[in-house]
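The values are calculated or read from the model by the stated rules, or taken from the named source; none is laboratory data. As the structure is a computational prediction, the values presented were derived from the model and not from experiment. Here the Cβ positions follow ideal geometry from the backbone for every residue, glycine too, while neighbour counts run over all protein chains shown.
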Amino acid sequence: MLIGALKEIKPGESRVIVTPVEVEELINDGHEVWVQANAGYNAGFYDEDYKKSGAKIVETREEIYSTCDMILKVKEFFPEEYDLLRKDQILFTCIHPAANREEVDVLLDKEVIAFTAEDTHRYGSPNCEVAGKLGALMGVNYLLNNNGGIGKLVMGIGGAPGANAIVLGAGIVGKGAIQTLASLGAQVTVMDINIGSMRACQELYPANVRTMFSNQSNIKSLLPTTDLVVNCVKWPKHRKDHLITEEMLGLMKKGTVIVDISADVGGAIETYRPTTHEDPVYEVNGVIHYGVDNIPGAAAHTTSIAYAASVLPHIRSIANNGIKEACRRDGFLRRSLTAYKGVLTHEETSVIQNREWTTPEDVLGLVGAKMDIAPKATTTEAN
């Protein structure tokens, strides 16, 4: 199979989907790999490194799209890429389909085979861990006066206490944020609805971390003394309520900070809107909001190493075994199948966009076959 890895075009995105290590693995499997020139440059992986691993360096994305059987990238497709897609081409990237109706229209119209990479992770995405740790650091940074914050030093000093932080959600993202904030000396309150997760936090983290059930009443009680809120809750897209409403911002001091790592418009943080690394913050009622929706892109080298290694087994399985067998073997890959030759196969997208869909098992002819089982990727279910 001819596999192409693209340079990202999303502003502020420096990650790369494969490093030279993964390229060498794919070539050892008997495949040919093309890498767009400078695809890994900003992440510290250079064209000469890819060449040494056996890749062909190609100057333009047009060459890759027009020739390669499988297209690999990190982020979603942009309008300038739509006309380059070809029928039956295999696409592997973070599509975020439920939130991108136009993109889904194109994937269906072009009759491609598209996998949304964010749904493929059996043990959670490395991107999530990086987002939690780096998002917390960004929040700490924006507490400083020179960045518009209240002027709180996160760890405090003798005679002056440090920052009080809330982490909403104790999943992989939340644990990354908790680890960072706790190690810096903040007083951290972890809020979740899963008592098992909270018990684990009590065992894992030092005494400056406490837990509390996540609900609006408890959040309201904490906001007047909170300096930093880090939201790590993936909010179901069909829900219309919020954990922190615009009205609740009035409980917070001016110059305090909300970092919304989940980046869900209309989600847990009502006042969230996406921002970029170039223009990362805005204020609502005096509260600084950090809304960058691709936080891991700022730590591209670290993230690319872990992320590329985590998705390589899926890429190899597709290339070595074909779509049907790869999906039969791995339920997490199967649930990520989003569009298959003009048919929508992603349940959450069907619900949010009110579209007809077909299960991956049906469209691949796997009903009744012995398959690896995976949980649903989302709590949103079709009727």
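Among the residues making up region 18-30, those that are over 13 Å from Gly44 (Cα atoms) and assigned to a loop (DSSP other than H, G, I, E, B) are Asp29, Gly30. The set of residues from region 68-85 being exposed (fewer than 15 other Cβ atoms within 10 Å of the Cβ) and part of a loop (DSSP other than H, G, I, E, B) comprises Phe78, Asp83.
Residue-by-condition table, conditions (1) of a type outside the set (D, E, K, R); (2) more than 15 Å from Thr93 (Cα to Cα); (3) in contact with a Cys (Cβ under 9 Å, 6 or more places away or on another chain); (4) in the same structural domain as Tyr46 (by TED's automatic domain parsing):
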residue: Asp279; (1), (2), (3), (4): no, yes, no, no
residue: Ala308; (1), (2), (3), (4): yes, no, no, yes
residue: Asn320; (1), (2), (3), (4): yes, yes, no, yes
residue: Glu325; (1), (2), (3), (4): no, yes, no, yes
residue: Asp330; (1), (2), (3), (4): no, yes, no, yes
residue: Thr338; (1), (2), (3), (4): yes, no, no, yes
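In this structure, does Asp293 turn out to be acidic (Asp, Glu) and farther than 21 Å from Lys237 by Cα? The answer is no for Asp293. Every condition in (1) surrounded by fewer than 16 Cβ atoms within 10 Å (Cβ to Cβ); (2) free of Cβ contacts under 8 Å to residues at least 60 places away in the same chain holds for Ser197 except the one numbered (1). Consider region 42-54 and keep the residues that are part of a helix (DSSP H, G or I) and under 28 Å from the mean Cα position of the chain (by Cα). The one that is surrounded by the most Cβ atoms within 10 Å (Cβ to Cβ) is Tyr50. Restricting Ile113, Ile64, Ile57 to those that are closer than 28 Å to Gly30 by Cβ, among the hydrophobic types (A, V, I, L, M, F, W, C) and surrounded by fewer than 16 Cβ atoms within 10 Å (Cβ to Cβ) reduces the list to Ile57.
Hey, among the residues in region 271-289 that are touching a residue at least 24 places away in the same chain (Cβ under 8 Å) and within 16 Å of the chain's Cα centre (by Cα), which one's nearest to Thr245 (Cα to Cα)? For region 271-289, the residue satisfying everything is Thr276.
Scanning region 116-144 for residues that are more than 22 Å from His301 (Cβ to Cβ) and surrounded by fewer than 22 Cβ atoms within 10 Å (Cβ to Cβ), we see that the one that is farthest from the chain's Cα centre (by Cα) is Leu144. If you go through region 148-187 and pick out every residue that is without any contact (Cβ under 8 Å) to a residue 24 or more places away in the chain and either assigned to a strand (DSSP E or B) or under 23 Å from Ala263 (Cα atoms) (or both), you end up with 2.
Considering region 80-110, and only residues there that are under 23 Å from the mean Cα position of the chain (by Cα) and either of a type in the set (S, T, N, Q) or outside the structural domain of Pro11 (by TED's automatic domain parsing) (or both), the residue that is modelled with the lowest pLDDT turns out to be Asn100. Considering region 335-380, the residues that are touching a Ser or Thr at 6+ places or on another chain (Cβ under 8 Å), buried (at least 19 other Cβ atoms within 10 Å of the Cβ) and among the polar types (S, T, N, Q) include one that is farthest from Ile323 (Cα to Cα), namely Thr349. Checking each residue in region 197-237 for being more than 27 Å from Asn145 (Cα to Cα), among the hydroxyl-bearing types (Ser, Thr, Tyr) and either part of a helix (DSSP H, G or I) or in contact with a Ser or Thr (Cβ under 6 Å, 6 or more places away or on another chain) (or both) picks out Ser197, Ser217. Of all residues in region 310-329, exactly one satisfies the criterion of being in contact with a Pro (Cβ under 9 Å, 6 or more places away or on another chain) and either among the aliphatic types (A, V, I, L, M) or without any contact (Cβ under 8 Å) to a residue 60 or more places away in the chain (or both), namely Cys327.
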